[in-house]
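Read the figures in this text as sums done on the coordinates, not as results from a lab. These numbers were taken from a predicted model, which means no experiment stands behind them. Counting neighbours? That spans all protein chains shown, and the Cβs are built from the backbone with ideal geometry, glycine included.
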Amino acid sequence: MKIAIRTALLGLGLLVSCAKSPKAGPVPIRLEGAVVTTSVEWEADLTAFELVSRPGVCDPNVPIRQLELHRTVDGSPLVIPIDLEKIRSGDSSSNALLLPGDLVRVGRE
């Protein structure tokens, strides 16, 4: 079985590869915290900030203050903080492209 390799360059300057079998079903992006839904289908070029900005993803009654991206790279956990204030002010350097299987934690404080 041939494996397709997808590579994404994070705003943090990390090169991360994710292997996915073309015959396997789509691997979702998981969400935890102040959210309305617990998973969404992965899409190419989707960033963490774009995801939580979509209607129906986050709880509209909770102000979002923290955002973390959790990913496993070569068997090791990686936590990437997303600086919402920087992104909202126009600096997207802390925003990250999402990969299949990522976990986005949305926090209040």
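So, in region 58-70, exactly how many residues are surrounded by fewer than 18 Cβ atoms within 10 Å (Cβ to Cβ) and within 25 Å of P26 (Cβ to Cβ)?
Number of matching residues: 3.
For every residue, the table says whether it meets (1) surrounded by 12 or more Cβ atoms within 10 Å (Cβ to Cβ); (2) of a type outside the set (D, E, K, R); (3) over 9 Å from the mean Cα position of the chain (by Cα).
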site: T72; (1), (2), (3): yes, yes, yes
site: G75; (1), (2), (3): no, yes, yes
site: I82; (1), (2), (3): yes, yes, yes
site: D91; (1), (2), (3): yes, no, yes
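Quickly run through region 79-100 and pick out the residues that are without any contact (Cβ under 8 Å) to a residue 12 or more places away in the chain and within 17 Å of R30 (Cβ to Cβ).
V79 - this is the single residue of region 79-100 that is without any contact (Cβ under 8 Å) to a residue 12 or more places away in the chain and within 17 Å of R30 (Cβ to Cβ).
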